[in-house]
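Student: This structure is in structure tokens; I'll ask about it shortly.
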Amino acid sequence: MEKTYIMIKPDGVQRGLIGQILQRFEAKGLKLVASKLMVVSKAQAEKHYQEHVERSFFPELLGFITSGPVLAMVWEGDQAVVTCRNLIGKTNPVEAAPGTIRGDLALHTGMNLIHGSDSVESAEREIAIFFEQSEVQSYTKAA
Ligand code: CMP
């Protein structure tokens, strides 16, 4: 079953939007298989956003993502990567469609509430930055 890395960023946690956001993923039929409220370290942020290191906004992004607790998660389901990206909406919340998380709840690209992996390869890489394998649960084992 496909897995993806989802992270509610410091703005989402501070605005009290965790419940609303999780409800959308659960309602869609995805399964939460790992979660952790944590402060992202500078080293983790640099690994996670490695493709943006040279971008002009990187210092702002680094400062923001390490500024307070995030909810790091792994969600599982059929085509979980693209399904979650569709629920999240476009990076720039102004362009994100109504009905998506960013389209409904965010306004600024720098504070766009939530991150979702953009490919299966990215998901594997990102999950490994934030979780030990033993922290990722399997519903079938528990049944
Ligand atoms: P995310 O989906 O987490 O992936 C990369 C992040 O970089 C993106 O969401 C935005 O939060 C951030 N980002 C992209 N473009 C800009 C920008 N121009 N200014 C600030 N942050 C940006």
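Student: Looking at Ser67, Ser41, can you tell me which residue is within 22 Å of Gln133 (Cα to Cα) and more than 13 Å from the chain's Cα centre (by Cα)?
Tutor: After applying the criteria, what remains is Ser41.
Student: Among Lys47, Lys36, which is the only one that is assigned to a helix (DSSP H, G or I), closer than 16 Å to Glu132 by Cβ and modelled with pLDDT of 95 or more?
Tutor: Lys47 is the lone residue from the list that is assigned to a helix (DSSP H, G or I), closer than 16 Å to Glu132 by Cβ and modelled with pLDDT of 95 or more.
Student: Something else now. Those residues that are over 20 Å from Leu22 (Cβ atoms) and aliphatic (A, V, I, L, M), I need them from segment 55-86; list them, please.
Tutor: Leu61, Leu62
Student: Would you be able to tell me the number of residues in segment 87-143 that are out of contact with any Phe, Trp or Tyr (no Cβ under 8 Å at 6 or more places or on another chain) and either closer than 18 Å to Leu22 by Cα or in a loop (DSSP other than H, G, I, E, B) (or both)?
Tutor: Of the residues in that region, 33 qualify.
Student: So, one more: So, of the residues in segment 109-119 that are touching an Asp or Glu at 6+ places or on another chain (Cβ under 8 Å) and among the aliphatic types (A, V, I, L, M), which turns out to be surrounded by the fewest Cβ atoms within 10 Å (Cβ to Cβ)?
Tutor: Met111
Student: Then there's this: Kindly provide the set of residues from segment 54-102 that are under 14 Å from Arg24 (Cβ atoms) and of a type in the set (A, V, I, L, M, F, W, C), ordered by number.
Tutor: If we filter segment 54-102 for residues that are under 14 Å from Arg24 (Cβ atoms), which is where we start, we get 71, 73, 75, 77, 80, 83-89, 96-102.
Hits for segment 54-102 are Leu71, Met73, Trp75, Ala80, Cys84, Leu87, Ile88, Ala96, Ala97, Ile101.
Student: For Ala72, all conditions in the list (1) within 30 Å of Tyr139 (Cβ to Cβ); (2) part of a helix (DSSP H, G or I); (3) small (Gly, Ala, Ser) hold save one; what is the number of the exception?
Tutor: (2)
Student: Follow-up question, since we're still on this one. Within segment 51-83, restricting attention to residues that are within 11 Å of the ligand (Cβ to nearest atom) and within 23 Å of Glu2 (Cα to Cα), which residue is surrounded by the fewest Cβ atoms within 10 Å (Cβ to Cβ)?
Tutor: The extreme case among them is Glu51.
Student: Yes or no: segment 88-108 includes at least one residue that is farther than 19 Å from Arg15 by Cα, surrounded by 14 or more Cβ atoms within 10 Å (Cβ to Cβ), modelled with pLDDT of 95 or more and out of contact with any Lys or Arg (no Cβ under 7 Å at 6 or more places or on another chain).
Tutor: No, segment 88-108 contains no residue that is farther than 19 Å from Arg15 by Cα, surrounded by 14 or more Cβ atoms within 10 Å (Cβ to Cβ), modelled with pLDDT of 95 or more and out of contact with any Lys or Arg (no Cβ under 7 Å at 6 or more places or on another chain).
The values are calculated or read from the model by the stated rules, or taken from the named source; none is laboratory data. What you see is a predicted model; the values in this text were computed from it and never measured. Please note: Cβ atoms are built from the backbone with ideal geometry, for glycine as well, and neighbour counts cover all protein chains shown.
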